[in-house]
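Student: The structure follows.
Every number here is computed from the coordinates shown, using simple stated rules; none is lab data. Please read these numbers as outputs of a predicted model, since none were measured by experiment. Positions of Cβ are generated from backbone atoms using ideal geometry, with glycine treated the same way; all protein chains shown enter the neighbour counts.
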Amino acid sequence: MSSYRPYQHIERRKSRQIMVGNVPVGGDAPITVQTMTNTLTTDIEGTIAQIKRAEKAGVDIVRVSCPDEESTAALKYIVAGVNVPIVADIHFHYKRGIEAAQAGAACLRINPGNIGSPERVREVIKAARDHNCSMRIGVNAGSLERHLLEKYGEPNPEALVESALEHAAILQDNDFHEFKISVKASDVFMAVAAYTQLAEVCDHPLHIGITEAGSKRAGTVKSSIGLGNLLWAGIGDTMRVSLSAEPEEEVLVGWDILKSLGIRHRGIKIISCPSCARQGYNVIETVQTLEDRLAHIETPLTLSIIGCVVNGPGEALMTDLGVTGGGNGKHMVYAAGKTDHVVDGVGMVDHIVGLVEAKVAVIEAEKAAAKLAAE
Ligand code: SF4
């Protein structure tokens, strides 16, 4: 990924590209954001509704557990009812993998070493091939194979990588290469070290994540440290933030991590100050309200909401639209870094929402015109 500001440059690891349904993963494809449903898969309506909420938040790929035959039967209806590709999470039973591929799953999360005989592995691979289904090898520090635990004494990065490569070898021996790999651990050091080592020894796309990261706040911090480190080092082709929170929350955090590193942009990126006694208006309340009211916008746009002139003009220089608090309830609005007009504190939020929506409409119209001209 390049930038005209060299200090923002991230050199992305070169990986092969696979497809998860119609979404490319790896190579030069955008780094995708995933989540996983927590409804019963047999609750078709509830699962579709949850996936729709994640879609609204910007998810690219969603994983759904398939622990039994009823779930793979339900999967068919879920796949038909949503717009994003579905990864079927299979643990041990190879038949669930075959059924999920037949039901329209775009990818199977399955560890071939766990499903028994080579014949069963071949059957799952055949089903995946027949139905254009890719796979994810998902190694987890909490469920490492016994022989690796005996060899290494405890879960560690080397054991995670060795496990991943053993599963990968099974697929490769069957001439199946459409897979990505994850080596997750709840310990950030272990996860980052494992992904870093794996990135050096293979070119498969990597699905990155810190597993069981925790509650919304603690898990967000932990994931941001772990995933932030990896992405900054150019490692990771698709990601999931695992939180003990609703899937759409995971998606929003995923996007915020990508936005923070300038890797991908979606929706409004608000730059705001923490506020202090100098603030000309209530910054915290304003930002919270704006975040909610602008959540529906997908077009990337930057907005600075700054309490006073100490940092307001400087931040406005770097954003598409900006507001800086002034005295007597009058605040300065900036457009493309330049002072534009004064806004009254009363009704300011409505005014900013209107400005953002108007700017988004202009950007979208320009995009449409450029697309038309190119055709
Ligand atoms: S920009 Fe102004 S209001 Fe905001 S934290 Fe800094 S000094 Fe305080």
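Student: Give me the angle, in degrees from 0 to 90, between the Cα long axis of helix 188-201 and the longest principal axis of the Cα atoms of the chain, rounded to the nearest 10.
Tutor: Here the helix axis deviates by roughly 70 degrees.
Student: Would you mind getting me the FRET efficiency between residue 346 and residue 10? Use the beta-carbon distance for r and R0 = 45 Å, nearest 0.05.
Tutor: With a Förster radius of 45 Å, E is 0.55.
Student: Helix 216-232 versus the longest principal axis of the chain: what is the Cα-based angle in degrees, 0 to 90, to the nearest 10?
Tutor: That works out to roughly 80 degrees.
Student: Out of all DSSP beta bridges with both ends in the stretch 14-260, state the antiparallel percent to the nearest 5.
Tutor: 10 percent
Student: Further question on the same structure: How many nm is it between the label spots at residue 284 and residue 68, if each spot is 7 Å from the Cα in line with the beta carbon?
Tutor: 4.7 nm
Student: Points 7 angstrom from Cα along the Cβ direction at residue 335 and residue 310: gap in nanometres?
Tutor: 3.0 nm
Student: Also, quick follow-up: Please give the FRET efficiency for residue 361 paired with residue 150, using the beta carbon to beta carbon distance and R0 = 45 Å, rounded to the nearest 0.05.
Tutor: 0.10
Student: Helix 157-173 versus the longest principal axis of the chain: what is the Cα-based angle in degrees, 0 to 90, to the nearest 10?
Tutor: So the inclination is approximately 60 degrees.
Student: Can I get the semi-axes of the chain's equivalent ellipsoid? Compute them from the C-alpha gyration tensor as square roots of 5 times the eigenvalues, in angstrom, largest first.
Tutor: Listed largest to smallest, the semi-axes of the chain are 43, 22, 19 Å.
Student: Of all beta bridges DSSP finds with both residues in the stretch 268-374, what is the antiparallel percent, to the nearest 5?
Tutor: Antiparallel: roughly 55 percent of the beta bridges in the stretch 268-374.
Student: Continuing with the same structure: Sorting check: for 202-210, 339-347, which peptide has the highest mean count of neighbouring beta carbons within 10 Å, and how do the rest follow?
Tutor: Descending mean neighbour count gives 202-210, 339-347.
Student: Given points 7 Å out from each Cα along the Cα-Cβ axis, report the residue 295 to residue 92 separation in nanometres with one decimal.
Tutor: Placing both labels 7 Å beyond Cα along the Cβ direction yields 4.0 nm.
Student: How do the peptides 363-375, 283-295, 29-41 rank, highest first, by the average count of neighbouring beta carbon atoms within 10 Å per residue?
Tutor: 29-41, 283-295, 363-375
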